[in-house]
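Asker: Quick one: structure below, then a few questions.
The values are calculated or read from the model by the stated rules, or taken from the named source; none is laboratory data. A quick note: this is a predicted structure, and the numbers were derived from the prediction, not measured. Cβ atoms come from the backbone with ideal geometry, glycine included; neighbour counts cover every protein chain shown. Only protein heavy atoms, including side chains, enter the accessible area calculation; ligands, DNA and RNA are left aside. Shrake-Rupley method; radii C 1.70, N 1.55, O 1.52, S 1.80 Å.
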Amino acid sequence: MNLSISSKPEHDVHIRRDGRWAGAITSRPLPDDATLDDLSPTQRLVLADVWRGRAASERRVSESFTVVRDALVSLDAPRDLVDLATRAIDDEMRHAELSRMVASRCALQEIDHPPRLVLELPLHAGASERLRHILHVVGQCAFNETIASAFLEAAIAEATAPLARAALRELLSDEIDHARIGWALLASLDATTRAEVERWLPPMAIANLRMWRDAHRTYADDASLAAHGAPSVASVERALLLAFRDLILPGFAHLGMGTAKIAAWLEAGAPT
Ligand SMILES: [Fe+2]
Ligand SMILES: [Fe+2]
């Protein structure tokens, strides 16, 4: 049975009409999914909870991109990066609404917007104001969005259900652009500034991995859940470590930034 769930952005979830899909939540309508009927009521509730949790995180990431956009303006960053960050504020609002819509389909009823999560910015104590701006962009984009891309790729690999596959692909199509903001900003900096950034990277790596690990320990592994977009803990862990080894470390190394400390931490099993 498929429930007709339309987009109903509420009070604090505003989708821009001049956004990426001209006010639509997705590039194409989400498909019906008869495979949801094969799930037990308990599985459906767990999935609704997972997707509702995603809606809350995406909403908070939108807020984080407001900080990224303002940081880029303060840094006098290239205009195309400011534009991309401005678009990302709206992209993440769409992600929040998309995730809420999937949660509603799983629950067979309209799910409310989840309560707002508090955005807590890292202090980066001792860093200059300029460096703090840079570190926020690096943390949100080069780390978090790169990890998000690897996570979504892994989730898509396990997802066989049409609705989950379509939703995860829509999310992935934006996260790659969002990650690029961080890498492009780093590439635009001089070598001295990149060296300053370098010493902050190990604690940022640990904090990001801890956050992603914790976010996926809220449900028990179940192949049926993975088919609908809730991958197993083991596959999430593989994706997270792959993001560091194959994307993040080579990215920093390509920019001439030292990665030995993070490499040693990964070698030691990446304790958080
Ligand atoms: Fe997102
Ligand atoms: Fe994103």
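Asker: Which is away from ligand 2 (no atom under 16 Å from the Cβ), open to solvent by less than 20 Å² (accessible area, probe 1.4 Å) and of a type outside the set (Gly, Ala, Ser), of Ile147, Ile111, Ile134?
Answerer: Only one candidate qualifies: Ile134.
Asker: Suppose the filter is modelled with pLDDT of 95 or more and open to solvent by 20 Å² or more (accessible area, probe 1.4 Å); does Val67 pass it?
Answerer: Numbers: modelled with pLDDT of 95 or more: yes; open to solvent by 20 Å² or more (accessible area, probe 1.4 Å): yes.
Judged against the criteria, Val67 is a match.
Asker: Still on this structure: Regarding Arg44, is this residue touching a residue at least 24 places away in the same chain (Cβ under 8 Å), touching a Cys at 6+ places or on another chain (Cβ under 6 Å) and either open to solvent by less than 40 Å² (accessible area, probe 1.4 Å) or within 26 Å of Leu123 (Cβ to Cβ) (or both)? Before the answer, list the steps.
Answerer: Details: touching a residue at least 24 places away in the same chain (Cβ under 8 Å): yes; touching a Cys at 6+ places or on another chain (Cβ under 6 Å): yes; either open to solvent by less than 40 Å² (accessible area, probe 1.4 Å) or within 26 Å of Leu123 (Cβ to Cβ) (or both): yes.
Considered against the rule, which asks whether it is touching a residue at least 24 places away in the same chain (Cβ under 8 Å), touching a Cys at 6+ places or on another chain (Cβ under 6 Å) and either open to solvent by less than 40 Å² (accessible area, probe 1.4 Å) or within 26 Å of Leu123 (Cβ to Cβ) (or both), Arg44 comes out as yes.
Asker: Right, next: Could you list, in sequence order, the residues of segment 248-265 that are surrounded by fewer than 17 Cβ atoms within 10 Å (Cβ to Cβ) and not in a loop (DSSP other than H, G, I, E, B)?
Answerer: Pro250, Ala253, His254, Ala260, Lys261, Ala263, Ala264
Asker: Looking at Ala220, Ala215, which is the one that is within 15 Å of ligand 1 (Cβ to nearest atom), more than 20 Å from Leu72 (Cα to Cα) and modelled with pLDDT under 95?
Answerer: The match here is Ala215.
Asker: Continuing with this model, one more query. Identify, by number, the condition in (1) open to solvent by 10 Å² or more (accessible area, probe 1.4 Å); (2) within 13 Å of ligand 1 (Cβ to nearest atom) that Thr160 doesn't meet.
Answerer: In the conditions (1) open to solvent by 10 Å² or more (accessible area, probe 1.4 Å); (2) within 13 Å of ligand 1 (Cβ to nearest atom), Thr160 misses (2) alone.
Asker: Kindly indicate which of Arg87, Arg79, Arg94 is out of contact with any helix residue (DSSP H, G or I) (no Cβ under 7 Å at 6 or more places or on another chain), more than 25 Å from Thr259 (Cα to Cα), within 16 Å of ligand 2 (Cβ to nearest atom) and open to solvent by 10 Å² or more (accessible area, probe 1.4 Å). Walk me through it before giving the result.
Answerer: Numbers: Arg79 fails: within 16 Å of ligand 2 (Cβ to nearest atom); Arg94 fails: open to solvent by 10 Å² or more (accessible area, probe 1.4 Å).
Only one candidate passes the filter, namely Arg87.
Asker: Which numbered condition in (1) surrounded by fewer than 23 Cβ atoms within 10 Å (Cβ to Cβ); (2) in contact with a Lys or Arg (Cβ under 8 Å, 6 or more places away or on another chain); (3) aliphatic (A, V, I, L, M) is the only one that Ala103 fails?
Answerer: (1)
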